[in-house]
1. Kindly indicate whether residue B:362 is more than 8 Å from chain A (Cβ to nearest Cβ) and at positive phi.
2. Could you please find all residues in the stretch B:420-434 being away from chain A (no Cβ under 14 Å) and surrounded by 14 or more Cβ atoms within 10 Å (Cβ to Cβ)?
3. Inside the stretch A:167-210, can you point out the residues that are of a type outside the set (Val, Ile, Thr), in a helix (DSSP H, G or I) and under 28 Å from residue A:276 (Cβ atoms)?
4. How many residues does the stretch A:368-380 hold that are assigned to a loop (DSSP other than H, G, I, E, B) and either in contact with a helix residue (DSSP H, G or I) (Cβ under 9 Å, 6 or more places away or on another chain) or of a type in the set (S, T, N, Q) (or both)?
5. With the condition kept exactly as written, say whether any residue in the stretch B:377-396 is among the polar types (S, T, N, Q) and under 22 Å from residue B:349 (Cα atoms).
6. Considering each residue of the stretch A:349-359, count those that are within 15 Å of residue A:396 (Cα to Cα), outside any strand (DSSP E or B) and facing chain B (nearest Cβ under 7 Å), and give that number.
7. Residue check: is residue A:248 crowded, with 16+ Cβ neighbours inside 10 Å and under 30 Å from residue A:224 (Cα atoms)?
8. Go through the stretch B:435-453 and give me each residue that's surrounded by fewer than 16 Cβ atoms within 10 Å (Cβ to Cβ) and without any contact (Cβ under 8 Å) to a residue 12 or more places away in the chain.
Protein chains: 2
Amino acid sequence: MQADARYEKVLKTVRARLRPPASELALLAGVQERIVGRLRKAVPDEVEIGTMGSVAKGTALRGNRELDIFILMPRQWALDDMQKKGLAWAKQAMRGIKTELNYAQHPYLKAYVEGVKIDLVPSYKLHNMERLGSAVDRSQLHAEWANARLNERLRDDVRLLKQFFKALGVYGAQTRVEGFSGYLCELLVIHYGGFVPALRAMGSWRMPHALDPQKHHQDGHALKLFPGVPLVVIDPVDAHRNVAAVVSRTSMARAMLAARAFLQKPSAEFFFREKEVHSAARLRNIIRSRGTCTVLLSFPSPDEVEDVLWPQLRKTAQSLLARLERAEFRLFGHYFWSDGKRALILFEMMESELPAVRRAGGPQVWLARDVEAFIKRRKGAANVHVEHERLVAVVRREQRTPKEVLEEALQNPAKLGIPAPFARAMRKRKWGAALDLLKDAGLREVASDYFSRRL
Amino acid sequence: MQADARYEKVLKTVRARLRPPASELALLAGVQERIVGRLRKAVPDEVEIGTMGSVAKGTALRGNRELDIFILMPRQWALDDMQKKGLAWAKQAMRGIKTELNYAQHPYLKAYVEGVKIDLVPSYKLHNMERLGSAVDRSQLHAEWANARLNERLRDDVRLLKQFFKALGVYGAQTRVEGFSGYLCELLVIHYGGFVPALRAMGSWRMPHALDPQKHHQDGHALKLFPGVPLVVIDPVDAHRNVAAVVSRTSMARAMLAARAFLQKPSAEFFFREKEVHSAARLRNIIRSRGTCTVLLSFPSPDEVEDVLWPQLRKTAQSLLARLERAEFRLFGHYFWSDGKRALILFEMMESELPAVRRAGGPQVWLARDVEAFIKRRKGAANVHVEHERLVAVVRREQRTPKEVLEEALQNPAKLGIPAPFARAMRKRKWGAALDLLKDAGLREVASDYFSRRL
């Protein structure tokens, strides 16, 4: 059997499983028609109603019942005016339906109708390659660009790639995931001409890798525009935007490995593997057999939207981690997590306690003034001596355990660089050890994720 | 009181204490006359007898009863012939006196007469700046050069510098000390014009520092001739020899610090301070209060002369140390010691036991073949996952304690780079902990030296 035939055999059944059934499409179409109709009646003639998102592009996964409906207003309107009017019309159109005001980059209205989640988004009406407003405005151009290039085969392949990434845990541009957005999936499938060609390309990526589907830039220039990131995908509708800006090295690396693994041994499992959550007994075994020191710091999750919460959580974890390393603990690994209610930071270290003394390096002996100052400052040291050309003092260590180090540091969280909402939330901190992770299902999932990270 | 007067007050009494008394000088002169007389009778006319060493130069410290007597033969003689004949005449001259054959760079005869140690050294007769033979031959030229420049005041000052270094523990070119030889002391005092000027100069040295008293080389060239060493002192009688070749960074640094300390607060203590050996109780306190992990490796000292033993001991300690660090132990300090009978290597570490697992770094994900090989090789790993662009495996650690690591490594000492005599001697190794150092006076001295190293 040839390679492509082998893939086709697997992908055929997967495609069918991912495609929304006619009933679902009918439901979505019906709801969309009703809401768009209501909106049309609410807005003046110069305002248009547009449908975006994966449903509008025909790339939605089965069961993904979400509609993005845009209220498109003239560019001449002031931003504030545009948003206020848009939200007012949206509310008017949704009278009798429970709505909720939400914020991404800009405010929008969220509602549920017959189990379909609807986002009603005030936005400027843009024309292709016009000077761009915000990410919200750009959605129209993305939908336009994608729809002009997608056919039914490619739409199926976009679904394959989305689900492939989803099962791997790298689907979504949220800061929590640091993965591949839906639009990025569409872009990759369109650019490479299908799911398998996209995997083939990814399998031979290096870091950094740049893609410029619309050839906005000269060869090699795209990488220079976005230094320091592993993946650059120039937005076809905006030459100065990297669609893959949030993709982390780890997400990209895992996608590359999975792509190669699938091509080598295709299987439906790549699309439908479940996350493994170990039993308490199994986790206890894993933890005990490592002989490391794991410290848990848990506290109430600050009340922030996900895309604010996660970067701050990451920053908090990294500040504390840096502090532990400065105290000479050797980090074996770390992890952070939140379910919106509680937050947790885990540090696994090579040692549970440090010696009672530490070495404090001093100046080179010929720096006479520094030498005198060092000797004076280290008067209480257990010992001051010379090693090669430098002074070394053996001094008492103030904090010997991770908890002592972090408790001391958390007396002044701002100095550590911990964001204010986390500094506040951590006032109610609790300390734990690895075995405390066995207590409930949520924590067992965290423990499984951390201790049994997959490739 | 002016600075120089302050020094003079201290140095006056010290000078008197260091100068050999008339009785000692008479004893040395008497013994020398007798031995030289006997030798003259034993050798043919073309062979000369020369007296070298600090007694001949008038720079010997009180109580240093050592004579260096050279049997100087024509350069035309073959090396082997010269040495054989020289030793034969020396033996003949010493008939009735117990002698011992010794080896430095070349063989020589050692004897004791009336408490005076006598080295009888066969050597070529050299003339100043003639093409040089060995270090042994060079002694004649050193004695000649120094004697031509020393007066009684400078001889006193050479004794001051020798004793200053001796009390500090940096006197002697033996590999055990890595310090300043007697000749180097003479050179420094002659070059700088006295003890205090020499200290002043040393106090403002940086590393590396070069001195070229006879101006054999252009400015700055001496340093380039001997890269990597902290101190270069070009031998006045041999432009291609660094008299300070064995001076270690630590010895040089300590000399510099002590020089500044004396100049700041002159005191006779700098010349007569005794090494402090702590009581067992005090040492127990010191050791316990550090909370580190100290491992002792002791074994019979290999039967080698000091200048072979110590470099090998250093090499052995450093090989083992490197092995411990490769195993992820963090060295707090180390020490090695031998009294000629037993040898001891001490490692003080930040941790006594490492986790049961370790992180094994893998290839970057785009190196497809390496990735496959890594995954295959790490099949039994507790976990293989991706961190940024690399694979990381969590694998079982074979050895968790320092002793386990070193025992495993010592299965193949040659591979570690351990010299054969030490590999053999270490077959009778014994392991100990820090508190085993309290057992006897010799070990307590080792412990005091290590745990209370002075500046």
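The values are calculated or read from the model by the stated rules, or taken from the named source; none is laboratory data. Since we're looking at a predicted model, the values are computed, not measured. Reconstructed Cβ throughout: ideal geometry from the backbone, glycine too, with neighbour counts over all protein chains shown.
1. So residue B:362 does not fit the description; no.
2. Just the residues of the stretch B:420-434 that are away from chain A (no Cβ under 14 Å), to begin with: B:420-433.
Within the stretch B:420-434, B:421, B:422, B:423, B:424, B:425, B:426, B:429, B:432 meet the criteria.
3. So in the stretch A:167-210, the residues of a type outside the set (Val, Ile, Thr) come out as A:167-169, A:171-174, A:176, A:178-188, A:191-195, A:197-210.
Filter once more, so that each one left must be in a helix (DSSP H, G or I): A:167-168, A:182-188, A:191-192, A:195, A:197-203.
Residues satisfying the conditions are A:167, A:168, A:182, A:184, A:185, A:188, A:195, A:198, A:199, A:202, A:203.
4. We begin by selecting, within the stretch A:368-380, every residue assigned to a loop (DSSP other than H, G, I, E, B); these are A:378-380.
With either in contact with a helix residue (DSSP H, G or I) (Cβ under 9 Å, 6 or more places away or on another chain) or of a type in the set (S, T, N, Q) (or both) added as a condition, the list becomes none.
Result for the stretch A:368-380: 0.
5. At the first step, the residues of the stretch B:377-396 found to be among the polar types (S, T, N, Q) are B:383.
Next, from what is left, pick out any that are under 22 Å from residue B:349 (Cα atoms): none.
Scanning the stretch B:377-396 turns up no residue that is among the polar types (S, T, N, Q) and under 22 Å from residue B:349 (Cα atoms).
6. Narrowing the stretch A:349-359 to residues within 15 Å of residue A:396 (Cα to Cα): A:353-359.
In the following step, the residues that additionally are outside any strand (DSSP E or B) were identified as A:353-356.
Next cut, facing chain B (nearest Cβ under 7 Å) only: A:354-356.
Result for the stretch A:349-359: 3.
7. Numbers: crowded, with 16+ Cβ neighbours inside 10 Å: yes; under 30 Å from residue A:224 (Cα atoms): yes.
When the stated conditions are applied, residue A:248 passes them.
8. Correct list: B:439, B:440.
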